[in-house]
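Student: Dumping the structure here so I can ask a few things about it.
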Amino acid sequence: MSAKPTTTLITFATMALLVFMSIGFPSPAVAEDGAADLARGQKLFALCTQCHSANGGGDSSFLAPAIAGLPAWYVENQLKNFKSGIRGLHAEDRGGLRMYPMSLWIRDEADQKALAGYIESMPAVATKREIAHPGDATKGVGYYAVCGACHAADGTGNKAMSAPPLVGMSDWYLFSSIQKYKTKVRGSAVGDVYGPAMIGMVATLPNDDAIRDVIAHIQSLEK
Ligand code: HEC
Ligand code: HEC
């Protein structure tokens with residue numbers, strides 16, 4: 001790793017520490033009602049806005065995806081995956097290496113749940129089209145057929161398959177995630193339950209054009 005990303009990482013970590021200290025310990029013991037959880041989640045979300053934006057719409061310059069409105073079960077799974085190092089610790093995972101240290105600030109399962117609940121309650125933010133050479137949505141239909149089995153035909157995800165929604169995710173993030181699965185930067189860590197399946201699935205996308213096409217189809221599903 002060159003000096004610059006390391007400095008950036010340290011800067012982020014320092015900022016996170018400052019925010020964290022201002023939020024402070026302790027949290028109430030596991031909140032009894034949902035409202036208290038949401039309030040706790042909202043407070044903790046101050047740790048996240050630096051990269052994911054105040055509205056949770058993400059920021060490509062920080063490699064941070066849109067997260068507002070993602071289902072709580074998926075957010076909770078990912079926060080656990082990052083914290084245990086199943087996701088985000090690969091040496092070539094630039095985005096993951098930024099998110100991994102953040103996950104360590106989330107103290108326990110109650111706080112993971114509170115954050116996940118709050119993020120789910122946030123209205124989804126319409127993402128910009130940022131990819132340089134958008135693909136062909138019509139060609140993407142064929143490629144998407146296999147994806148729909150888990151992520152649903154309309155791209156809204158399927159909890160029973162542990163497959164998150166793909167509609168509403170930024171095009172650049174979909175592209176980078178698919179490439180990470182292709183290169184096993186994501187999904188191959190010991191203990192990753194769901195990642196290995198995705199590594200097999202992205203093998204059905206033969207090249208970057210196919211990736212762009214399937215993303216164009218996913219974007220066409222947006223309501
Ligand atoms: C230092 C910047 C940074 C901060 C602060 C940060 N994140 Fe992230 N986060 C990222 C990046 C970058 C990624 C993308 C990782 C990847 O590409 O795999 C990410 C990914 C995620 C994901 C996975 C989304 C998905 O679709 O799989 C979740 C959930 C998430 N962050 C939640 C949070 C929460 C909650 C906080 C606050 C506690 C937070 N993040 C703080 C940078 C950050
Ligand atoms: C066998 C079920 C299955 C199929 C088929 C499948 N996926 Fe997935 N996909 C998953 C699961 C489960 C996850 C969540 C992995 C995790 O929890 O880390 C996922 C995650 C993803 C992610 C990361 C989302 C995020 O927010 O970080 C992308 C992108 C994705 N899939 C795209 C695709 C595409 C494109 C296809 C078709 C080529 C496809 N998937 C086919 C099960 C599947």
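None of the figures in this text is laboratory data; all of them are computed from the coordinates on show. Only a predicted model underlies this, so the values are computations on that prediction, with no experimental measurement involved. Cβ sites come from the backbone with ideal geometry, for glycine too, and all protein chains shown count toward neighbours.
Student: For G58, what charge total do you get from the other residues with a beta carbon under 11 Å from its beta carbon, if Lys and Arg give +1 and Asp and Glu give -1?
Tutor: Working: positive: K128; negative: D59, E130.
The answer is -1.
Student: With +1 assigned to the C-beta of every Lys and Arg and -1 to the C-beta of every Asp and Glu, and no other charges, what is the dipole magnitude of the chain about the Cα centre in debye, to the nearest 20? Show your work: numbers first, answer last.
Tutor: On the way: 20 positive and 20 negative charges, 87 e Å.
Charge dipole of the chain: 420 debye, to the nearest 20.
Student: Which FRET efficiency value, to the nearest 0.05, is calculated for N207 and A54 with the Förster distance at 30 angstrom and r the Cβ-Cβ distance? Walk me through the numbers on the way to the answer.
Tutor: Details: r = 37 Å, r/R0 = 1.24.
Step by step, r from the Cβ atoms, then E = 0.20.
Student: Taking H placed 1.01 Å from N in the peptide plane, check which residues at least 5 places from A64 or on another chain put their amide H under 5 Å from its amide H.
Tutor: Those lying under 5 Å, H to H, from A64 are D59.
Student: What list of ³J(HN,Hα) values in whole Hz, one per residue of the range 163-177 in order, does the Karplus curve 6.51 cos²θ - 1.76 cosθ + 1.60 (θ = phi - 60°) give from phi, with Gly and Pro shown as x?
Tutor: Listing the rounded values in order: 9, x, x, 10, 5, x, 7, 5, 4, 5, 6, 4, 4, 5, 5 Hz.
Student: What's the local net charge at A189, with K and R +1, D and E -1, over the other residues with C-beta under 15 Å away?
Tutor: Numbers: positive: K80, K83, R87, K180, K184, R186; negative: E92, D93, D192.
Charge balance near A189 sits at +3.
Student: Once Rh for the chain is found with the Kirkwood sum over Cα pairs, what is the Stokes-Einstein diffusion coefficient at 37 °C and 0.692 mPa s, in µm²/s?
Tutor: Working: Rh = 18.1 Å.
Here the translational diffusion coefficient equals 181 µm²/s.
Student: Shifting gears a bit: Once phi is turned into θ = phi - 60°, what whole-Hz ³J(HN,Hα) does the Karplus curve with 6.51, -1.76 and 1.60 give for every residue of the range 120-133, x standing for Gly and Pro?
Tutor: 4, 6, 6, x, 4, 9, 4, 8, 7, 8, 10, 5, 5, 10
Student: A follow-up question, please. Can you give me the angle between helix 94-105 and the longest principal axis of the chain, using Cα atoms only, in degrees from 0 to 90, rounded to the nearest 10?
Tutor: That helix lies at roughly 30 degrees to the long axis.
Student: Lysines within cross-link reach of K180: Cα-Cα under 20 Å, excluding same-chain residues under 8 positions apart?
Tutor: Partners found: K80, K83.
Student: Also: Rank L44, G96, L174 by how far each Cα sits towards the positive end of the charge dipole of the chain (+1 on Lys, Arg Cβ; -1 on Asp, Glu Cβ) and give me just the farthest.
Tutor: G96
Student: Test of understanding: what is the full-extension gain from A39 to S121, defined as 0.36 nm times their sequence separation minus their Cα-Cα distance?
Tutor: Numbers: separation 82, 0.36 × 82 = 29.52 nm, distance 1.13 nm.
Here the segment from A39 to S121 would lengthen by 28.4 nm.
Student: Going down the list K113/K182; K43/K223; K43/K113; K139/K159, which pairs span over 24 Å between their C-alpha atoms?
Tutor: Listed pairs above 24 Å: K113/K182; K43/K223; K139/K159.
Student: Give the relative contact order (percent, whole number) for the range 137-220; include only Cα pairs under 8 Å separated by 6+ residues. Could you put the intermediate results ahead of the total?
Tutor: On the way: 97 pairs, mean separation 35.0, N = 84.
In percent, rounded to a whole number, it is 42.
Student: Using amide H atoms built 1.01 Å from N in the peptide plane, name the residues 5+ places from N158, or on other chains, whose amide H lies under 5 Å from its own.
Tutor: Excluding prolines and chain starts, which carry no amide H, the hits are A163.
Student: Ok, one more. Quick check: pseudo-label points 7 Å beyond the Cα along Cα→Cβ at T183 and A110, how many nm apart are they?
Tutor: 4.1 nm
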